[in-house]
Amino acid sequence: MPAHLELQDYVSAITRSGEVFRGAAERAGPAARVPTCPDWTVAELVAHQGMVHRWAAAVLRGDGDHDTERSHAEGAAAPDPLAWFSAGLADLVETLRAAPDDAEAPVFLKNAPRPRLFWARRQAHETAVHSVDALSAALGAPPPTADAPVTPALAADGIDELLCGFLPRRKSRLRSAQPRTLLVRCDDTGHSWSLRISEEPVVAVAGAPAAAGPPDAVFSGTAVQLYLALWNRGREVAVDGLPELVEQWRAQARVEWG
């Protein structure tokens, strides 16, 4: 699961998404509901994202176990939660820039890149997805793809991280009693992934299958459209094949904290 972008690309994405996140959260207000995360208010979203930034920075620095519950509570109780968020974002960016390329730190996905690049990549996508959540709170509905602060290159990289990194984990809930095959295809960047969904963990391979017959379903669209849809933040994709795979994806293909 190699990273497809350079460190500075990820750091720039974190910074850009962080700015969008803060601006949208400020417009929405702390009590606003988050349509893409219906159980959360903006205040809870800010506390969560600020906690994750601090946790990732602490892991990369080797600061020991970061008390995530305490950090989340600190954000929720901050006199100025958005200033608290921005301080954590700035610290994460500085930590990523200062860390050596050979920094030793834990990672949690198989075949991951080196820790510095892993954490830059992970936080780029963490912040991008939650910036879309903040935008949904400001708009009162999931934002259109054009409003997402995500480039096609970043989107394709994030799809790869999700499909080849998160979904094959044993803790992933995406399962099917009857084996299914799914092709995910980016019409603009040319990337594609083949997935086999069964009662065992998902098997995901970058690229289209060689000659195993047609897939049961194809999800296609631009890289950004697919990125949002696969992270359950949008629905602007074309589906060819079994329509029930769409609802199954929305119900089971979720990455949750903890």
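Derivation of every value follows stated rules applied to the coordinates shown; laboratory data play no part. Note that the structure is predicted; figures quoted are calculated from it, not measured. Every residue, glycine among them, receives a Cβ derived from its backbone with ideal geometry; neighbour counts consider all protein chains shown.
Data table
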read-out: Cα centre as origin, Lys/Arg/Asp/Glu Cβ charges: the chain dipole, Debye; value: 440 debye
read-out: Diffusion constant of the chain at 10 °C, which comes from Stokes-Einstein with the Kirkwood Cα-pair radius and 1.306 mPa s, µm²/s; value: 85 µm²/s
read-out: Alpha-carbon centroid distance for the pair the stretch 1-61 / the stretch 194-257, whole angstrom; value: 24 Å
read-out: The stretch 105-258: mean projected area of Cα convex hull, nm²; value: 9.4 nm²
read-out: Where Rh is the Kirkwood radius over Cα pairs, Rg/Rh for the stretch 77-127; value: 1.06
read-out: Kyte-Doolittle at least -0.5, axis length at least 18 Å by Cα - qualifying DSSP helices, the chain; value: 7-28, 42-61, 81-98, 115-139
read-out: Dimensions (Å) - the stretch 9-73, Cα atoms, principal axes, largest first; value: 36, 30, 17
read-out: P(r) weight above 17 Å for the stretch 20-116, C-alpha pairs, percent; value: 55 percent
read-out: Restricting the stretch 41-146 to chymotrypsin sites (Phe, Trp or Tyr not before Pro) in coil, as DSSP defines it, with at most 15 other Cβ within 10 Å; value: F108
read-out: Within the chain, longest stretch clear of exposed GluC sites (Glu not before Pro) (DSSP loop, no more than 12 other Cβ within 10 Å); value: 7-103
read-out: Sites matching trypsin sites (Lys or Arg not before Pro) across the stretch 184-255 that sit in DSSP coil, with at most 14 neighbouring C-beta atoms within 10 Å; value: R235, R254
read-out: Computed Rg/Rh of the stretch 151-204, alpha carbon atoms with Kirkwood Rh; value: 1.02
